[in-house]
Amino acid sequence: MRVSELGRRSGVSVASIKYYLREGLLTAGVQTATNQAVYGDQHVRRLRLIRSLIDIGGLSISHVRATLAAVDDETTSLHDAFGAVMHGLDEAPPENEDNEVATAYREVQEWLSARDWHIEPDAPAPYRLAELVATLRRFDFPTTLADFDSSADTAERTAEAEVKYARAMPDRTTAVETMLIGTVVLERALVEVRRLALEAASFRIDGSAHPVTPTEPS
């Protein structure tokens, strides 16, 4: 297919496709003339992946590039590729941290050890969790890491099912892509479910509450 059809099928503008080609996010098509190339279904799939990472995951171009490199590098083990995907979804921890975050970070590390969760030392997630715990405490939430045990148990069961599903894909590239999209999209879906639960709980607790009826536009 020509680049115009590639744009129609993928839902990505021709200008964006050319930009992704220049940035190395999308492999070149088969050259048929000096200024012409043809593309295949793998290009459609890659474009949809790129757009999902940018639009849903909120990743920068540099993070997308690094994450896709893990997808494409056949010499990287599947576990390390999954790790690169997870780590690519966030910024690396800063070198300097305040005392409250440092205290929470030590607690996070102890909690991870108690759960027997092996996490790479440079993973951003433990530090982000420590930041959130420290923030909750600043607003007088009496938060301890034990408060997350129930959620962690559920997350562990879900994560095991996700990883097994991804590893059952027919090839390595599909496995990593499945893990990546599942992480980005499912994570967002779970956040929205929690927000819905909070609103529903507030309505139940406030017996005098009434649903808000949308007003007609004037």
Verdict on ILE119 being crowded, with 16+ Cβ neighbours inside 10 Å and assigned by TED's automatic domain parsing to the domain that holds HIS87: no
Every pair of residues 6+ apart whose Cβ atoms lie under 8 Å, when the first sits in the stretch 32-56 and is free of Cβ contacts under 8 Å to residues at least 40 places away in the same chain and assigned by TED's automatic domain parsing to the domain that holds ARG9 while the second is in a loop (DSSP other than H, G, I, E, B) and loosely packed, with under 12 Cβ neighbours inside 10 Å: ALA37/ALA28; ARG48/GLY11
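Would it be correct to say that GLU192 is under 18 Å from the mean Cα position of the chain (by Cα) and closer than 30 Å to THR75 by Cα?
Against the criterion (under 18 Å from the mean Cα position of the chain (by Cα) and closer than 30 Å to THR75 by Cα), GLU192 does not qualify.
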The stretch 25-61: number of residues that are at pLDDT 90 or above and within 24 Å of GLU91 (Cβ to Cβ): 1
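Only one of ALA155, ALA161, ALA166, ALA146 is at pLDDT below 95, exposed (fewer than 12 other Cβ atoms within 10 Å of the Cβ) and in the same structural domain as PHE82 (by TED's automatic domain parsing). Can you tell me which?
Values: ALA155 fails: exposed (fewer than 12 other Cβ atoms within 10 Å of the Cβ); ALA166 fails: exposed (fewer than 12 other Cβ atoms within 10 Å of the Cβ); ALA146 fails: at pLDDT below 95.
Exactly one of ALA155, ALA161, ALA166, ALA146 is at pLDDT below 95, exposed (fewer than 12 other Cβ atoms within 10 Å of the Cβ) and in the same structural domain as PHE82 (by TED's automatic domain parsing), namely ALA161.
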Qualifying residue in the stretch 112-122 (condition: within 30 Å of VAL71 (Cβ to Cβ) and part of a helix (DSSP H, G or I)): yes
Residue count for the stretch 66-86, restricted to those that are at pLDDT 80 or above and buried (at least 17 other Cβ atoms within 10 Å of the Cβ): 5
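Within the stretch 88-105, can you find the residues that are in a helix (DSSP H, G or I), surrounded by fewer than 17 Cβ atoms within 10 Å (Cβ to Cβ) and either in contact with a helix residue (DSSP H, G or I) (Cβ under 6 Å, 6 or more places away or on another chain) or modelled with pLDDT under 80 (or both)? Spell out how you get there, then give the answer.
Within the stretch 88-105, the first condition is being in a helix (DSSP H, G or I), and the residues that meet it are 88, 99-105.
With surrounded by fewer than 17 Cβ atoms within 10 Å (Cβ to Cβ) added as a condition, the list becomes 99-100, 102-103.
The answer is GLU100, and nothing else.
I'm trying to understand the selection: among the residues of the stretch 169-209, which are outside any helix (DSSP H, G or I), surrounded by 10 or more Cβ atoms within 10 Å (Cβ to Cβ) and assigned by TED's automatic domain parsing to the domain that holds ASP80?
Applying the first criterion (outside any helix (DSSP H, G or I)) to the stretch 169-209 yields 169-171, 206-209.
Okay, now just the ones that are also surrounded by 10 or more Cβ atoms within 10 Å (Cβ to Cβ), so 169, 209.
Of everything in the stretch 169-209, just one residue is outside any helix (DSSP H, G or I), surrounded by 10 or more Cβ atoms within 10 Å (Cβ to Cβ) and assigned by TED's automatic domain parsing to the domain that holds ASP80, namely MET169.
Here is a check on your reading of the model: is HIS43 closer than 23 Å to VAL185 by Cβ and either buried (at least 19 other Cβ atoms within 10 Å of the Cβ) or touching a helix residue (DSSP H, G or I) at 6+ places or on another chain (Cβ under 7 Å) (or both)? Break it down into steps so the answer makes sense when it comes.
Details: closer than 23 Å to VAL185 by Cβ: yes; either buried (at least 19 other Cβ atoms within 10 Å of the Cβ) or touching a helix residue (DSSP H, G or I) at 6+ places or on another chain (Cβ under 7 Å) (or both): yes.
The answer is yes for HIS43.
The values are calculated or read from the model by the stated rules, or taken from the named source; none is laboratory data. Just so it is clear, the structure is predicted and the values come from calculations on it, not from any experiment. We place every Cβ from the backbone using ideal geometry, glycine too, and count neighbours over all the protein chains shown.
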